[in-house]
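Written below as structure tokens is the structure these notes are about.
The values are calculated or read from the model by the stated rules, or taken from the named source; none is laboratory data. No experiment lies behind these values; they were computed from the predicted model shown. Here the Cβ is made from the backbone with ideal geometry for all residues, glycine too, and neighbour counts use every protein chain on show.
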Amino acid sequence: MADFIQLLVSGLAIGSVYALAAIGFVIVYSATGVVNFAAGQFVMVGTFAGVAMLVDAQLPAPLAYSAALAVMALFGALFFLVVYLPLRKSSVVTIIIGTVAIGITMQNAALLTFGSWPFRLPSPVEGRTLALGGAIISTHALGVVGVTAIMVAGLWLLFNKTTVGVGMRAVAQDIQAARLMGLKVNRLLALSWILAALLAGVAGLMLGPMWFADVSMGDPIALKAFAATIIGGFGSLPGAIVGGLFVGLSEVLGASYISSAYKDLISFGIMIVFLLVRPQGVFGEKIQDRG
């Protein structure tokens, strides 16, 4: 039972990271109709922003995390201006190819900047554990789950209780109607990319102490986030959360109780089953047609 509790918490922690990446995936898709295949590289950039601030610059943790998230907000705005905005009138396929190309560029830029050697990002609760039901649980893993819950609650408040959030939902529902209503569409679209980058930054900062930070870490995260959105329902924020947690749990439990060699096969096998049996996912697609 103790082993199961440890695996459960670890699965929820990894799943929380996938969920945050998937939420950013969904926010961008809902607002722009673009599938951002650089989503995993966003997480990678967030991790290395933490490496730059915590490991290289040796800043105090509160200042380092704030600086890393500021970098991610700027990165999201630049991505909107440099990648999405020039391509916004192109076909969706062209924009998707653009996100793939810039993702490869980001990976190579990180390789030139930080090298191929993996980094260990320290945790603010380094080495602390908690005894729970006979299991020794990493405090960092519990913190990851807690921070993700807070982020999800904050997103709910943003989208349902603020004028900006309601405007973002209006743009996601019908961009032309939103423009006719006088909404600053470009600003709201930019905010969508910034929010996705911030979520990826938080995910990267939390993932760094659990994985070694290396320049190729973004690819598996992007694939797992994509699987999470398919399982939960493309375009659904609750679906991204549930899908991310499900993928994380299936990965950890499958690796422990079946074989670590098949952990990816299990996650993507379940995704394929959903595509065949229930392509709309658990929660269905929130937005069917864009105006």
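Structural remarks
- Number of residues in segment 118-130 that are closer than 21 Å to MET44 by Cβ and either in contact with a His (Cβ under 6 Å, 6 or more places away or on another chain) or surrounded by fewer than 18 Cβ atoms within 10 Å (Cβ to Cβ) (or both): the value is 5.
- Every residue from segment 180-193 that is at pLDDT below 90 and buried (at least 16 other Cβ atoms within 10 Å of the Cβ): LEU183, VAL185
- Taken together, GLY244, GLY165 contain a single residue that is among the small types (Gly, Ala, Ser) and either crowded, with 24+ Cβ neighbours inside 10 Å or modelled with pLDDT of 90 or more (or both), which is GLY244.
- Of all residues in segment 131-145, those being loosely packed, with under 13 Cβ neighbours inside 10 Å and either at negative phi or among the basic types (Lys, Arg) (or both) number 2.
- When segment 179-227 is filtered for residues that are basic (Lys, Arg) and more than 27 Å from GLY269 (Cα to Cα), the ones remaining, listed by number, are ARG179, LYS184, ARG187.
- Here SER90 passes the criteria (1) farther than 30 Å from VAL55 by Cα; (2) touching a helix residue (DSSP H, G or I) at 6+ places or on another chain (Cβ under 7 Å) except the one numbered (2).
- Within segment 129-147, the set of residues being in contact (Cβ under 8 Å) with a residue 12 or more places away in the chain, outside any helix (DSSP H, G or I) and either closer than 16 Å to GLY50 by Cα or in contact with a strand residue (DSSP E or B) (Cβ under 8 Å, 6 or more places away or on another chain) (or both) comprises LEU130, ILE136, ILE137, SER138.
- Which numbered condition GLY254 misses (of (1) of a type outside the set (S, T, N, Q); (2) under 13 Å from ALA21 (Cβ atoms); (3) surrounded by fewer than 22 Cβ atoms within 10 Å (Cβ to Cβ); (4) in contact with a Leu (Cβ under 9 Å, 6 or more places away or on another chain)): (2)
- Neighbours by Cβ (under 9 Å, 6+ apart or cross-chain): first from segment 97-109, β-branched (Val, Ile, Thr); second surrounded by fewer than 13 Cβ atoms within 10 Å (Cβ to Cβ): ILE102/VAL82
- Sole exception among (1) assigned to a helix (DSSP H, G or I); (2) without any contact (Cβ under 8 Å) to a residue 24 or more places away in the chain for VAL125, by number: (1)
Conditions (1) more than 25 Å from ALA149 (Cα to Cα); (2) in contact with a strand residue (DSSP E or B) (Cβ under 8 Å, 6 or more places away or on another chain); (3) assigned to a helix (DSSP H, G or I), marked per residue:
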site	(1), (2), (3)
ASN186	yes, no, yes
ALA200	no, no, yes
LEU205	no, no, yes
LYS224	no, no, yes
VAL242	no, no, yes
LEU253	no, no, yes
SER267	no, no, yes
PRO279	yes, no, no
PHE283	no, no, no
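- As a summary of the residue check, VAL166 satisfies the conditions (1) in contact with a helix residue (DSSP H, G or I) (Cβ under 8 Å, 6 or more places away or on another chain); (2) in a loop (DSSP other than H, G, I, E, B); (3) free of Cβ contacts under 8 Å to residues at least 12 places away in the same chain except for the one numbered (2).
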